[in-house]
Structures are given as C-alpha cells and as structure tokens.
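Asker: The structure under discussion is supplied below as structure tokens; questions concerning it will follow.
The values are calculated or read from the model by the stated rules, or taken from the named source; none is laboratory data. None of the values given here were measured: they were computed from a predicted structure. Here Cβ is always computed from backbone atoms with ideal geometry, including for glycine, and neighbour counts include all displayed protein chains. Note: accessible area is taken over every heavy atom of the protein model, side chains too, but ligands, DNA and RNA are not part of it. Shrake-Rupley method; radii C 1.70, N 1.55, O 1.52, S 1.80 Å.
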Amino acid sequence: MDLFGAVPYSDQGWSYFHPPLHYGIGWLLAQSGNSDVLLRGLALLGGAASLGIAALSAVLARRVLPDRPLAPLVAFTAVAFLPVLLYTAPMPGNEVTAALLGCAAVAWFAANRGDPEPRSAHDLGAGILAGLALLTKASAAVPLLAILVSLAIAALRRPANVRASLRRALLVGGVALLLAAPYYARNVAAFGTPLRLSRNDPLVVQVESRQPAGERGWSDYLSFPPSLFLDSSPGKPHLVGSVWGTLYLDWWSDLYGSGQAPRRELRAPYSAQGLVSALALAGVIPTLLALLGAGLSLRAALRRASEIDTLLLLLAGGNLLALALFTQRVPVVSAVKGSYILTAALAYGVFVARALDLLVRRAGLAASWVAGLGLAAAAIVAVAVHTHTLLLPARSPSPNVPAVRAWFGEHERARRDFAALPDPFPPSHGGRAGHHEVLGGFALRAGDWTSARANYLASLQAAGEIGPYSANRLAVASALDGNAAAALELLDRALSHEGVAELLVNRAALRAQLGNFAQAERDLRAALELDPSLAPAWGNLAFVLERSGESAESRAARARAAETEARAPRGFPHGVGNGYIWGAGRGQRWLLVVGTPGIQLYRHSRDRSAP
C-alpha cells in the first residue's frame, strides 16, 4: 500500500487475503515517515480497541442486569484482563480492530433491542460498523450473522413483526454489504470467490507442512484432556486431537508464544510450561462462570425475557461454530487460535457478570467469595505474565521490526535490532544462510556495497548451493562494489540454466555499461517477454535505445517505464521485480538500472529506504 498506493490482491503475499481497512490505518501512520509512529501507533490502537471491547461488554451487562450496579464493573474486568486480549492487543495484526468493530456493531444494534420503537439510526449505525468490520477481517461476518439471525428469531416469535424485522435486517445487512462489496467483488472477479485464502501459496504450504496435520474427526471436538494443564506443547497428540483444549490454552495462556510469555528464552526461576500451566489453571474459574452465565442467558432467551441474551448467545455460538468449520478446512494446530474468536469476548463478559450475580444472590457468601477471588486471581496472573517486564525478562523484538526500520531508511537501527535477535533464523527458516542474506539486504538498502557482497557470499557458503536469485543478489552487490566482471560471470552461469527476467535485466544493465548495446537490448526484450511489469527493464531499454540512436522508441520505452512503475504489479509475491518480497532482505530480487551516472540500484520512486 505504501509503495504503490494500492490494495494488494490476496495471491500477492503472506496473509494478503485479509481485507484492507486495518492496514490502511497502518498506511496512514506510515505517512509520518517514522517506524516508531507506525509500530507504537498500531500497538496503541490495539490496546484502545481491547479496552473498547471491555467497555462495550460493560454497557451490555448494564442493560441485561439493570438493577445490579456492579455488573458492568465485573463484565469490564473479566474482558479487560483476558490473556488473549492482553497479548494480542499490542500486535500489529487486524484481529483486535476487527473484534472492536464487530462488537460495536452488536452493541449498537442491541441498544434497539427491547425498545417499543426501534430506531432506524441505530440499525444504520450497526450496519456501518458491521461493514467496516467486514473490511477489516472476513470472520467479522459472524457478528453480522448474529444480528440477522436474532431478527429472524424475533420475527418467528412475533409474527406480527415480520415486516418490521425484515425491514431492519435489510437495513443492517444491506448497509454492511454495500460498504464491503467493492473489496469482495474484486476477489470474485479475480479468483471466483469472495475470500481466497493463502493455503496454496508456496510459503504458507512450507510453514503448514512442518505442523502436525490430519483429518478432523468428531473426537477432536469432544475431547478436553486434563493433561493439557501439565503438558501444553502444541504438537503433542493430546492437543492435536483436541480443538477445544487447544483453544482453551491459547485463550488463557498464549499457547504459541506470540506475546510476552514466550515458550523459550526464559531464565530461572521461570519455565514456559510452568507459566502456561499457571495461566491455564487461573482460567478455570472464569471459564466455569462464563459457562454458567451462558446457561442463564439461554434460560432467559428461551423465556423471551431478554432479546439481548439471544443476540449474545448467537454471537458466542457463531464464533465457536465458525472456528469448528475453519479447523475442518485447515486441520493444523495453528488454525486453533483464541484470537480468531475475539468477538466472543463481548458475550463472555456479560456471561461472567450474570453468573457472579446469581452466586451472590443464591449460593451464599463462601461461593461468591471463591468465584470473585478466582476472577481476581486470573486477572492478576494474566497482568503479571503479559505486562512487559513486570514479571518476565524483556522479550527479544520480532524479526519483522528490523524490516520496518529498514523500510523507513533507519538502517543503523535496523542492523542493531537485528543483531539483538537471539536466533532470527533457525534451521527451518534458513539458518546462517538466511541470517547473512538479511544482513546483505540491510547493507544493500543502506548503500554499503562491500558489506552486502560479503554477507551474500557468506550466505551462499552457508547454504552450500546457489540458485538463480541468490546468484542475482551476489551479482548485484558485486557490480555495485565495482566488480562488474564477477557479476557478469555469476549472471551468465545462472542464466545458462534458465531464463529469469530479473537476471536478464541485470545482465543487460552491465552489458549496456560496457557498451554492448545490441546484447543488452536482446536481454531486455527477453526479460519483458517474461515479465512486462518490470519498470526498470523499460527504463534500461529506453537508455539502450537512446544510445543506439532510436530516439522515438526510446521515448516510448521511457513512457512505458513511468506508466509501469506507477501501476501496482500482479503476481506472487507483491512487488515482484521491484526488490521487495521479504522486507527483512531474504528473498529480495534486486534490480540494476543503467544511466548517465553508471550502474545504480533500482529504487521505486516511493521507496522510503534510500539512505
């Protein structure tokens, strides 16, 4: 989005199938030109969104239990200190933003429930919020469906109100779909489906192939092994075969180590297993309270005492059903994540408030204290573990942080952050070869050609093999470092096996620099036949044609170069031919351009990383 000013297609990169709204917010933050504004801005957005979900749950608890002044506080506390929100909120992903918008749509719609004269403005607002949620994450269809199904149930209960319910459903659903339609219609036009997942893309296939997988059976949805409290390793059979057990652990303990509670790098007296067990045990009482509260809401809904309860039950049940269907389609461990059902937190807070209210009124002082202390203990343990450096040592930054720094031209910070990573590339992710490849990319962006060449050479030596793109990276660094002969030799050897557009462009640039314009033109036309979206190829062709005396053709090629650079390319990954595939440096396909100053590294006109 920052490079081309366009929303990418879902086949153009890792997780590009997500709708664009949240990442559009990130793009706005990126206009500051500062990596901290982007990274901290998204973290603050997530934190505010998580508190917003807790506040909405408190609002609904007040409507459901109007005579219980502490109910909103209980609901807010239960949601605000949920581990899944605490560790997901600071992440730059779209889950919490989508959850806030979905929960806001439900809460805004619920403000109309039970009123003698439902207001169209509330339904319109619910439709707008639901549409924005759909533009943030496709799973936000669950809150919208909960609203529409609740209207259908209301119509069945009161046949006289069928037309009013239908009118309301058309307003809410119509507005939501109208807002989201352009994005999903583009997917239908391009892929024949409104939502194209990335499961068949090479990088995703590679990652999923390393995870335990298999067909899901009924037993996977009926099993909840107690051993999960003692052994929480995601790949163990008792978790692979238990969808709800895995979901419970990730909801309460950050099963995959995504947040402040990593599964490795802990020093004594802490252990990853001990932390997970403590968090999982702390979640038992709040979970039991939520289940009791859900039962109370079901009873109220069946008695037609509360339409809001019906709505919340549909929201919670819809989330669990959607996750069950998703795990059927994607039967790997990482498909079971608590962050995928964050909108259920809205209902969770109300259910806990309902249950605690019943215990206070009916079960006596002892039971009430046990429940209240259990809820408080869960919050305390979650805060202690998931608050940065409060209990645990500071966790190493994500390997993606240096990539963001490099994109903004903060090259020294990028290298420093990368050097602080303990093991950014384990063997499964390239090992030392990947490590040096990233450092080479940082150096090349920063204009340190000698360091780039040394790191790319070290990467090849660590890998023990040379492919066309690794040869290209070393050739580009060598050419910029003043060794054009070595660069040409690398490119000639790689191109003798297969024709690769980027390599042809770079060889043509070197040949043109040496005055071999006829050979350079042949290479460039061959490259453009393979990939006409390569703007540097058109620019180099313009230079070659101009030097060959073909002025008219040169002007046409230069115009084509400008037109191509301004247009977002298609294909996987996004930005093919422009040097931007993996932001940290791995996999980048650098390109050379030739002109009056000589050979230069190609940088897109919107590239922020120029030193």
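Asker: Whenever you get a sec, line up Glu502, Glu553, Glu208 from highest to lowest accessible area (probe 1.4 Å, protein heavy atoms).
Answerer: Details: Glu502 5, Glu553 90, Glu208 35 Å².
Largest accessible area first, the list is Glu553, Glu208, Glu502.
Asker: Further question on the same structure: For n ≥ 4 DSSP H runs only, could you compute -39500 (n - 2.57) per run for the chain, divide by its residues and tell me the 222 nm figure to the nearest 500? Could you put the intermediate results ahead of the total?
Answerer: Details: 26 runs with 375 residues, N = 611.
My calculation for the chain gives -20000 deg cm²/dmol from helical runs alone.
Asker: While we're looking at this one, here's another question. Excluding ligands, DNA and RNA, what is the solvent-accessible area per residue of the chain at a probe of 1.4 Å, expressed in Å²? Show your work: numbers first, answer last.
Answerer: Numbers: 26620 Å² over 611 residues.
For the chain, the solvent-accessible area averages 44 Å² per residue.
Asker: Which FRET efficiency, nearest 0.05, do Arg555 and Glu498 yield, Cβ-Cβ r, R0 35 Å?
Answerer: Details: r = 33 Å, r/R0 = 0.94.
Efficiency for this residue pair is about 0.60.
Asker: Here's a follow-up. In sequence order, what are the phi-derived ³J(HN,Hα) couplings for the stretch 38-53 according to the Karplus relation 6.51 cos²θ - 1.76 cosθ + 1.60 with θ = phi - 60°, rounded to whole Hz, with x for glycine and proline?
Answerer: After applying 6.51 cos²θ - 1.76 cosθ + 1.60, I find 5, 5, 6, x, 5, 5, 5, 4, x, x, 5, 5, 5, 5, x, 5 Hz.
Asker: So between Ala185 and Glu412, what do we pick up on full extension, going 0.36 nm a residue minus the alpha carbon distance? Working shown, then result.
Answerer: On the way: separation 227, 0.36 × 227 = 81.72 nm, distance 4.30 nm.
So the extension gain works out to 77.4 nm.
Asker: Further question: In degrees between 0 and 90, to the nearest 10, how far off the longest principal axis of the chain does helix 307-329 point, with axes built from Cα atoms?
Answerer: The answer is roughly 40 degrees.
Asker: On to the next question. Can you list the HN-Hα couplings for the stretch 335-352, worked out from phi with the Karplus curve (6.51, -1.76, 1.60; θ = phi - 60°), rounded to whole Hz and with x for Gly and Pro?
Answerer: So the Karplus estimates, Gly and Pro as x, are 6, 9, 10, x, 5, 6, 10, 4, 5, 5, 4, 4, 6, 4, x, 5, 4, 4 Hz.
Asker: On to the next question. Which residues' amide hydrogens lie under 5 Å from the amide hydrogen of Leu592, considering only partners 5 or more residues apart or on another chain, with H built in the peptide plane?
Answerer: Asn506, Tyr602
Asker: What distance in nm separates the two pseudo spin-label positions at Ala485 and Leu70, each 7 Å out from Cα along the beta-carbon direction?
Answerer: 8.5 nm
Asker: Which residues does the label zone of Leu320 cover in the stretch 275-309, counting backbone N under 18 Å from a point 7 Å along Cα→Cβ?
Answerer: Counting only backbone N, you get 283-302, 309.
Asker: Fully extended, how many nm does the chain gain between Arg40 and Leu28 (0.36 nm per residue separation, minus their Cα-Cα distance)?
Answerer: Working: separation 12, 0.36 × 12 = 4.32 nm, distance 1.32 nm.
Extra length available between Arg40 and Leu28 comes to 3.0 nm.
Asker: Also: Ignoring ligands, DNA and RNA, please state the percent of accessible area on the chain from carbon and sulfur, probe 1.4 Å. Before the final figure, lay out each step's value.
Answerer: Values: 16560 of 26620 Å².
Of all accessible area on the chain, carbon and sulfur atoms account for 62 percent.
Asker: Using only the Cα atoms, work out Rg/Rh for the stretch 1-157, with Rh taken as the Kirkwood radius, to two decimals.
Answerer: Numbers: Rg = 17.6 Å, Rh = 17.1 Å.
Ratio of gyration radius to Kirkwood radius: 1.03.
Asker: May I ask for the percentage of alpha-carbon pairs in the stretch 109-244 that lie more than 26 Å from each other? Provide the component values of the computation, followed by the final result.
Answerer: Details: 4682 of 9180 pairs.
Here the tail beyond 26 Å accounts for 51 percent of pairs.
Asker: Assuming R0 = 51 Å, can you tell me the calculated FRET efficiency for the pair Val330 and Gln600, based on Cβ-Cβ distance, to the nearest 0.05?
Answerer: Working: r = 44 Å, r/R0 = 0.87.
After rounding, the FRET efficiency stands at 0.70.
Asker: A further question follows. Give the Rg (one decimal place) followed by the Dmax (whole number) of the stretch 73-184, computed from C-alpha coordinates and expressed in Å.
Answerer: Answer for the stretch 73-184, Rg first and Dmax second: 15.3, 48 Å.
Asker: Restricting the calculation to Cα positions, tell me the Rg (one decimal) and the Dmax (whole number) of the stretch 523-568 in Å.
Answerer: For the stretch 523-568, the Cα radius of gyration and maximum Cα-Cα distance read 9.8, 31 Å.
Asker: Give the share of C-alpha pairs in each 10 angstrom bin for the chain, from 0 to the last occupied bin, in whole percents, shortest bins first.
Answerer: 3, 15, 23, 23, 16, 11, 7, 3, 0, 0
Asker: So what does log10 I(q)/I(0) come out to for the stretch 405-482 at q = 0.23 Å⁻¹, using the Debye formula with one equal point on every Cα and no solvent?
Answerer: The computed values of log10 I(q)/I(0) come out as -1.06.
Asker: What length, rounded to one decimal in nm, is gained on full extension from Ser209 through to Asn161, with 0.36 nm per residue of separation minus their alpha-carbon distance? Don't skip to the answer; put the middle values down first.
Answerer: Values: separation 48, 0.36 × 48 = 17.28 nm, distance 5.23 nm.
Net length gain for the segment: 12.0 nm.
Asker: Just to be sure I understand the model, the point goes 7 Å from the Cα along the line to the Cβ. What's the resulting Leu373 to Ala152 distance in nm?
Answerer: Label-label distance for Leu373 and Ala152, simple model: 4.7 nm.
Asker: Output the relative contact order of the chain, whole-number percent, from Cα pairs under 8 angstrom with separation of 6+ residues. Write out the running numbers ahead of the final one.
Answerer: Working: 987 pairs, mean separation 87.1, N = 611.
Relative contact order here is 14 percent.
Asker: Taking 7 Å along the Cα-to-C-beta vector as the label spot, tell me the Ser15-Ser227 distance in nanometres, rounded to one decimal.
Answerer: Using points 7 Å along Cα→Cβ, the separation is 3.2 nm.
Asker: When you have a sec, figure out the Kirkwood radius of the stretch 46-139 from all distinct Cα pair distances and drop it here in Å to one decimal? Mind showing how you got there, number by number?
Answerer: Values: mean 1/r = 0.0721 Å⁻¹.
For the stretch 46-139, the Kirkwood estimate is 13.9 Å.
Asker: Could you tell me, in Å, what Rg and Dmax come out for the Cα atoms of the stretch 438-541?
Answerer: In Å, with Rg to one decimal and Dmax whole: 13.3, 38.
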